[in-house]
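Student: Encoded as structure tokens, here's the structure I'll be asking about.
The values are calculated or read from the model by the stated rules, or taken from the named source; none is laboratory data. Since this is a predicted model, take the numbers as computed values, not measurements. Cβ placement follows ideal geometry from the backbone for every residue including glycine, while neighbour counts extend to all protein chains displayed.
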Amino acid sequence: MDGIPETAAALRAAFLDGAATATAICGAALARIAAQNPELGAMLAVDEAAVLRRAAALDRLEDRRLAGPLAGVPVAVKDNLCTAGLTTTAGSRALADFVPPYSATAVERLEHAGAIIVGKTNCDEFAMGSSSEHSAFGPVRNPWDHTRVPGGSSGGSASAVAAGLVPVALGSDTGGSVRQPAALCGCVGVRPTYGRVSRHGLVAFASSLDQIGPLTMTVRDAAAVLRAIAGQDALDATTAAAAVPDWEAGLDGDVRGCRIGFPAHLLERGVDAEVAGAVKSAMAVLASRGAVVREIKLAHADLAVPVYYLVATAEASSNLARYDGVRYGHRQAGADGLREMYEGSRSEGFGAEVKRRIILGTFVLSAGYYDAYYVKAQQARAQIAAGYLSALAEVDLIALPTSPTAAFPLGERVRDPVAMYLSDVFTVGASLAGVPALSIPCGVTDGGLPLGLQLIGRRFDEATVFRAADAYERDTGFCLPTSSGARRRGGA
Amino acid sequence: MPAEREDFPIARVATLARLRLSPAEQALYQAQLAQILAFVGQVTAASFDGPACARAAEPDSVIERPDAVRPSLTADAALANAPDASGAMGLVRVPKVIG
């Protein structure tokens, strides 16, 4: 490699003690992007000149400690987060030329913390997908095996972090879009509690579910990044007043007495044996450190995927009504009349999966079907959420696989929407319940693909999630794919 | 009532969604939506007591901000992404609405 550390914590330390300049750190990230991105397709817009200007400004500081807790750390941002002056496409032809006049609150907070935004990451169009194949700008590839998907929809963010292009990326998680790609690429991914992070400047998909979260190589880095972006924001009325703790300070490796509920009944079918085995082994690791693991039942868990796809598509059909070709976004050339322009612009701008979801969402909200589908789904959502909250009254954490399989081959599920939707079977529950969840690498298949363990906590108790994940990581380390695809273990 | 597999009203829903579908897209989506509706049928078939709400998605408190004039986008910045605009007049241009 280029001698530049691989984690945000190590990079910051190197920047603060003068071992590395921000210019050198960012130059290395840009060089890696130039070398690897043509094959991976993980990054879209990269403004090299702006990155180096910002790095040089940090290097000129007389006291580098003033630069913030993420000083000098290069960060990639999913392309559905607005970045002032830098193209934000959400993976869609509809926004191919959209340059936001403002930045998302999460992006502003990262920059305020000293991070350097190096560019935007590819993703499923409007964050709708589980494979990052539904981007108007081409698919993303998994750095562990270029013939396989990185997961989605934040696949570009996961691929960029796993390949070592950047130590940190932001993603968005509606039904698992941070956690599932983190699992399939072997990195850490966090979905915070609903209300923890402002969505101001996030291109909306399903507003009762969307959350922004970090993808990193280590739990410690994830805790530091979440702390930087979390907290109430007057520009997002759904953000909560809850205090933002120093989660890093609580990472002491001690999980003695932590009660972890394991719903083994959900692993009885539809889950690869290697996934089930790896998660059970992870439970043994945590138990060996003093955690109390016991089996639990999660009520109505079997309904989570269909409920999610009814609620999320209904909200998407409403949110995406704004793409009408009038104020911004793609407009069909030469349309004769306003209605023709609306229909032509939307039909040319949206890809197949987005159209499919808008159609389903419009249908479930339409007269005659609203009660049978949308109202029923909302009733079921309340029951599923109650099931999670009830379980979390008895235990401190719930453990599940993040994904029922390891990374699957490109193209395998793209023509079968239901098969693709079932990729989210273990992640949509926490989304529907609004509780925090984290995915951490928990092993590698015989075929050399990473697997993810998901830890789910109580609302606003990310502290316990981070603490247990960090304890697990202390025993297992983190891992990076090598150019040959083999696993290379890093220090945690 | 839940829709039957064979009668997904693709043309009507596409009109509501302001989407213009080719015959091939209509056929594809009709088949796929029927498959998806069969998949979500377990929800429509289930019986639930209780309200149709998702409390998990509601914030603990609604923040209010002061009703004060603050800096906002200039007209030029707001129009910069418009597909067709008259910058001088500060307007977005659209096809003729009234004959």
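Student: Consider residue A:299 carefully, then state whether it is within 12 Å of chain B (Cβ to nearest Cβ) and within 22 Å of the chain's Cα centre (by Cα).
Tutor: no
Student: Go through the residues of the stretch A:239-246 one by one and say whether even a single one is over 21 Å from residue A:395 (Cβ atoms), touching a strand residue (DSSP E or B) at 6+ places or on another chain (Cβ under 6 Å) and of a type outside the set (A, V, I, L, M, F, W, C).
Tutor: Yes, the stretch A:239-246 contains a residue that is over 21 Å from residue A:395 (Cβ atoms), touching a strand residue (DSSP E or B) at 6+ places or on another chain (Cβ under 6 Å) and of a type outside the set (A, V, I, L, M, F, W, C).
Student: Using the structure shown, decide if residue A:94 is outside any loop (DSSP other than H, G, I, E, B), within 23 Å of residue A:130 (Cα to Cα) and of a type in the set (A, V, I, L, M).
Tutor: yes
Student: Any residue in the stretch A:393-403 that is in contact (Cβ under 8 Å) with a residue 40 or more places away in the chain and either within 14 Å of chain B (Cβ to nearest Cβ) or aromatic (Phe, Trp, Tyr) (or both)?
Tutor: No, because not a single residue in the stretch A:393-403 is in contact (Cβ under 8 Å) with a residue 40 or more places away in the chain and either within 14 Å of chain B (Cβ to nearest Cβ) or aromatic (Phe, Trp, Tyr) (or both).
Student: Could I ask something else about it? Go through the stretch A:341-369 and count every residue that is more than 7 Å from every other protein chain (Cβ to nearest Cβ) and closer than 17 Å to residue A:206 by Cα.
Tutor: Counting residues in the stretch A:341-369 that are more than 7 Å from every other protein chain (Cβ to nearest Cβ) and closer than 17 Å to residue A:206 by Cα gives 7.
Student: Please work out which residue is surrounded by the most Cβ atoms within 10 Å (Cβ to Cβ), limiting yourself to the stretch A:51-101 and to residues that are among the small types (Gly, Ala, Ser) and under 15 Å from residue A:169 (Cβ atoms).
Tutor: A:91
Student: Restricting to the stretch A:404-421, give me the number of residues that are among the hydrophobic types (A, V, I, L, M, F, W, C) and either within 17 Å of residue A:441 (Cβ to Cβ) or free of Cβ contacts under 8 Å to residues at least 60 places away in the same chain (or both).
Tutor: 4
Student: Looking only at the stretch A:209-223, decide whether some residue is among the basic types (Lys, Arg) and closer than 16 Å to residue A:167 by Cα.
Tutor: For the stretch A:209-223, residues among the basic types (Lys, Arg) and closer than 16 Å to residue A:167 by Cα: present.
Student: Can I ask one more? I'm told residue A:307 meets every condition in (1) surrounded by 15 or more Cβ atoms within 10 Å (Cβ to Cβ); (2) more than 8 Å from chain B (Cβ to nearest Cβ) except one. Can you identify the failing condition by its number?
Tutor: (2)
Student: Also: Specify which of the listed residues (B:74, B:15) is more than 7 Å from every other protein chain (Cβ to nearest Cβ), within 26 Å of the chain's Cα centre (by Cα) and either under 30 Å from residue A:85 (Cα atoms) or modelled with pLDDT of 90 or more (or both).
Tutor: Only one candidate passes the filter, namely B:15.
Student: Let me ask another. Only residues that are closer than 21 Å to residue A:101 by Cβ and either within 11 Å of chain B (Cβ to nearest Cβ) or hydroxyl-bearing (Ser, Thr, Tyr) (or both): list them for the stretch A:211-236, please.
Tutor: Within the stretch A:211-236, A:233, A:234, A:235, A:236 qualify.
Student: Could I ask something else about it? List pairs: first residue in the stretch A:94-122 and over 18 Å from residue A:226 (Cα atoms) and free of Cβ contacts under 8 Å to residues at least 40 places away in the same chain, second residue surrounded by fewer than 22 Cβ atoms within 10 Å (Cβ to Cβ) and hydrophobic (A, V, I, L, M, F, W, C) anywhere in the structure, Cβ distance under 9 angstrom, at least six positions apart or on different chains.
Tutor: Hits for this filter: A:99/A:84; A:99/A:86; A:99/B:80; A:101/A:84; A:101/B:73; A:101/B:77; A:101/B:78; A:101/B:80.
Student: Continuing with the same structure: Of all residues in the stretch A:57-83, count the ones that are in contact (Cβ under 8 Å) with a residue 60 or more places away in the chain and within 19 Å of residue A:100 (Cα to Cα).
Tutor: Of the residues in that region, 8 qualify.
Student: Give A:434, A:448, A:443 a once-over and let me know the one that is at pLDDT 95 or above and either more than 29 Å from residue A:207 (Cβ to Cβ) or in contact with a helix residue (DSSP H, G or I) (Cβ under 6 Å, 6 or more places away or on another chain) (or both).
Tutor: A:434 is the lone residue from the list that is at pLDDT 95 or above and either more than 29 Å from residue A:207 (Cβ to Cβ) or in contact with a helix residue (DSSP H, G or I) (Cβ under 6 Å, 6 or more places away or on another chain) (or both).
Student: Taking the stretch A:133-163 on its own, how many of its residues are assigned to a loop (DSSP other than H, G, I, E, B) and under 12 Å from the mean Cα position of the chain (by Cα)?
Tutor: Result for the stretch A:133-163: 5.
Student: Could you check how many residues of the stretch A:407-443 are away from chain B (no Cβ under 14 Å), out of contact with any Asp or Glu (no Cβ under 9 Å at 6 or more places or on another chain) and farther than 15 Å from residue A:388 by Cβ?
Tutor: 4
Student: If you check every pair at least six apart or on different chains, which have Cβ atoms under 7 Å apart with a residue in the stretch B:23-51 that is part of a loop (DSSP other than H, G, I, E, B) first and a residue that is buried (at least 17 other Cβ atoms within 10 Å of the Cβ) and among the small types (Gly, Ala, Ser) second?
Tutor: From residues that are part of a loop (DSSP other than H, G, I, E, B), the pairs are B:46/A:380; B:48/A:380; B:50/A:382; B:51/A:382.
Student: Scanning for something in a loop (DSSP other than H, G, I, E, B) and within 16 Å of residue A:379 (Cα to Cα), does the stretch A:337-345 turn up at least one residue?
Tutor: The answer is no, given that none of the residues of the stretch A:337-345 is in a loop (DSSP other than H, G, I, E, B) and within 16 Å of residue A:379 (Cα to Cα).
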